[in-house]
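The values are calculated or read from the model by the stated rules, or taken from the named source; none is laboratory data. Everything numeric here is computed off the predicted structure, so don't read it as measured data. Note that each Cβ is placed from the backbone with ideal geometry, even for glycine, and that neighbours are counted across all protein chains shown. These accessible areas exclude ligands, DNA and RNA; they are computed on the full protein's heavy atoms, side chains included. Shrake-Rupley method; radii C 1.70, N 1.55, O 1.52, S 1.80 Å.
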Amino acid sequence: MGKKWIPQIIELLNQQDMRFGQLHQAMDGSTPKMIKQQLILLEQNKIVGNEKVTENNMLQSTYHLTAKGKKLAVIVEQMKMWGQRELVCP
């Protein structure tokens, strides 16, 4: 799970379920391709789920953290707090 965008995706989805476009808007400097690759990896590891619903003949997809993902989100938050407390970043 050492990919650059994974902690940010987990942090965002821990706050709320999001559609792909919402994730992309919230992640400055990312590309759609990169986000999609990370989401696929997270789905394969059952950290993120993807709920697909057809509404008015349009497929809508919403990403959310699974129970496993919520456990990982606690660790990601602890790592973030440790970094803010212990590291000096100019």
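Using a Gaussian network model on the chain with a 10 Å cutoff between Cα atoms, which of 57, 45, 14 fluctuates the most?
With Cα springs under 10 Å in the chain, the top fluctuation among 57, 45, 14 is at 57.
Given the pairs 3/80; 33/80; 4/70; 3/36; 4/52, which span a C-alpha to C-alpha distance of over 21 angstrom in this model?
Where the Cα-Cα span goes over 21 Å, the pairs concerned are 33/80; 4/52.
At 7 Å along the Cα-to-beta-carbon direction for both residue 62 and residue 45, put a label point, then send me their distance in nm to one decimal.
Label at residue 62, label at residue 45, 2.5 nm between them.
I want to verify a result. In a Gaussian network model of the chain, Cα cutoff 10 Å, which of these has the top mean-square fluctuation: 33, 71, 46?
Fluctuation is largest for 33.
Anyone know which of 27, 58, 79 comes out most mobile in the 10 Å Cα GNM of the chain?
Checking each option, the largest mean-square fluctuation is seen for 58.
Accessible area of the stretch 1-62 with a 1.4 Å probe: how many percent of it is carbon plus sulfur?
The computed percentage sits at 46.
Just to be sure I understand the model, the point goes 7 Å from the Cα along the line to the Cβ. What's the resulting residue 28 to residue 52 distance in nm?
Between residue 28 and residue 52, the label points sit 3.4 nm apart.
Does a label point 7 Å from the Cα of residue 78, set along Cα-to-beta-carbon, have any residues of the stretch 34-49 with amide nitrogen under 19 Å, and which are they?
Under 19 Å, as judged by backbone N against the label point of residue 78, lie 47 of the stretch 34-49.
Send over a whole-number figure in Å² for the accessible area per residue of the chain, probe 1.4 Å.
72
Per residue of the chain, what 222 nm ellipticity follows from adding -39500 (n - 2.57) for every DSSP H run with n ≥ 4, rounded to the nearest 500? Before the final figure, lay out the partial values.
Values: 4 runs with 50 residues, N = 90.
Taking each H run of at least 4 residues, the total per residue is -17500 deg cm²/dmol.
Quick one: pull the percentage of alpha-carbon pairs in the chain with a separation above 16 Å.
I get 56 percent for the Cα pairs in the chain exceeding 16 Å.
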